[in-house]
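Below: the structure, in structure tokens.
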Amino acid sequence: AVRGPPGPGLSAPCLCRRERVRAMFYHAYEHYLESAFPYDELRPLTCDGQDTWGSFSLTLIDALDTLLILGNVSEFQRVVNVLQEGVDFDIDVNASVFETNIRVVGGLLSAHLLSRKAGVEVEAGWPCSGPLLRMAEEAARKLLPAFQTPTGMPYGTVNLLHGVNPGETPVTCTAGIGTFIVEFATLSHLTGDPVFEDVARKALKALWKNRSDIGLVGNHIDVITAKWVAQDAGIGAGVDSYFEYLVKGAILLQDEELMSMFLEYNKAIKNYTKFDDWYLWVQMYKGTVSMPVFQSLEAYWPGLQSLIGDVDNAMRTFLNYYTVWKQFGGLPEFYNIPQGYTVDKREGYPLRPELIESAMYLYRATRDPTLLELGRDAVESIEKISKVDCGFATIKDLRDHRLDNRMESFFLAETIKYLYLLFDPDNFIHNDGSDFDVVVTPYGECVLDAGGYIFNTEAHPIDPAALHCCRKHKQEQWEVQDLMREFYSRKKSKKFTLKRIPDRGEGENAKDPEDSSSDKAGEKRNSKKSSHSLLSCPSQSFNSKLAVLGQVFLENT
């Protein structure tokens, strides 16, 4: 892979750390290409690959926009060709609706909107059309059957070929219901098809409708009956990105209703779950503490607080979480706050990004050097503990640094990206609006790349300005069709059949000039298919205090 040059404007320590992060990316990325592609993920201890979330070459999709953030336009262009030629969503695979949306749909949408900046020859009508947009739309349509429930809340798993399996569990985690508005609204605005945003909004509002009298939501709910199956309320696993998407959806869409929903939740969260700048798990109807633990997934919260301007509270909570990092050299999945130590069987750290993500947001808001220290510590810890010959391995136990044979795709999509952006203040992602592009489309002028990017929960940046590029054209298109319907109905003619007017340029995309004939990835594509995948949220019977994946807390009954 050809690596982009370092940029100007950095202090020597930041430049040095940024280049270390760049080297970390390529150590992982190149070994994925050599040893794991076309599988979803790299197994770094055995130097081979495995499918985990649906047989999509997931790491390649997840790493695509990171390539551009690192400045590697030639590899971005090559991977775009590889994905167009190799990824197929018409497969008999049971896929997580949540994971497919945030990683696949989100990754493809982000790459589509960044294509022009990456030097890809875009087709007429971009950003309202393009091959990556069509791929994102195809993947999202495969998920729509999951939303066909009496409540509008989706099943957690869908078969990409056959829809929802007849015996599929109706129990879905809260995050698996409320984490669609960023990707689906973007799709609706770019394609002109409102169905995606409509189902995402209906799911969000169903959760809101079913909150408790004290304003909290639980962890898992039955999407058929709307009965809460796991009644523990908190900000962590199984719930987290629901709150995140209320804020980010509000910013992306300038939607006051979504923000007011979050602010009401925020009041209840402060009232019932916050103790000394920690956030505990409580019973959703009573507010009584059920689990006094901190989960590593909760570390996104200070970054989210910074987005609503609550920086002082965000910093205090961040510093609590940072003390845990310094204690172990990483964040254990569960940390018992009163005991000040890990929870049994939850001592691992799969190289999650959340604390680094919060550091990146807070550093943009405060320039506090403590946040750079976290970034430094993260680089040192990950390289010292996790780096192996074929990549970076999940840390199975932070107490003795045993490793597990897995490198999740979010390591390249999120952890590396947020570290790099923390140390690269001049990156285009941080644009303050002083620089922008005016794109001339067949439908008028469109301002893009002016900054204000909204990261989805897999750290795929969405340019909010792009959502306004296609709206005028689509509205005019449907107005014309309405006039035509009225005209033909008056004539009562049977000779005419109205069809959706296609976008200009919806034909075959021109070949990208980058030739993929030499790619390591393109030679291995058709060797296997997986018949099933892991679930994003546990759906097992609830027969213990902690579920198998440690994401559900139950009351004793």
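The values are calculated or read from the model by the stated rules, or taken from the named source; none is laboratory data. Worth saying up front: this structure is predicted, and the values here are computed from it rather than measured. Cβ sites come from the backbone with ideal geometry, for glycine too, and all protein chains shown count toward neighbours. Side chains included, ligands, DNA and RNA excluded: accessible areas come from the protein's heavy atoms. Shrake-Rupley method; radii C 1.70, N 1.55, O 1.52, S 1.80 Å.
Values for this structure:
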item	result
Odd one out for G451 among (1) free of Cβ contacts under 8 Å to residues at least 24 places away in the same chain; (2) open to solvent by 30 Å² or more (accessible area, probe 1.4 Å)	(2)
Test set (1) under 21 Å from H460 (Cβ atoms); (2) not β-branched (V, I, T); (3) not assigned by the TED database to the domain that holds A450 - D400 fails condition number	(1)
Helices (runs of 4 or more DSSP H) completely within region 101-218 that count 2 or more residues being acidic (D, E) and either touching a Pro at 6+ places or on another chain (Cβ under 7 Å) or open to solvent by 10 Å² or more (accessible area, probe 1.4 Å) (or both)	131-143, 195-209
Pick from region 334-378, criterion open to solvent by 40 Å² or more (accessible area, probe 1.4 Å) and touching a Ser or Thr at 6+ places or on another chain (Cβ under 7 Å), ranking: farthest from G451 (Cα to Cα)	R352
Residue check, T186 in contact (Cβ under 8 Å) with a residue 24 or more places away in the chain and touching a strand residue (DSSP E or B) at 6+ places or on another chain (Cβ under 7 Å)	yes
Odd one out for W53 among (1) modelled with pLDDT under 95; (2) within 20 Å of A459 (Cα to Cα); (3) open to solvent by 30 Å² or more (accessible area, probe 1.4 Å)	(3)
Any hit, region 184-191, residues being assigned by the TED database to the domain that holds P127 and in contact with a His (Cβ under 9 Å, 6 or more places away or on another chain)	yes
Residues that are open to solvent by 50 Å² or more (accessible area, probe 1.4 Å) and over 15 Å from T457 (Cβ atoms), drawn from region 230-265	Q231, Q254, E256, E257, S260, L263, E264
Which numbered condition A268 misses (of (1) assigned to a loop (DSSP other than H, G, I, E, B); (2) open to solvent by less than 40 Å² (accessible area, probe 1.4 Å); (3) over 28 Å from H460 (Cα atoms))	(1)
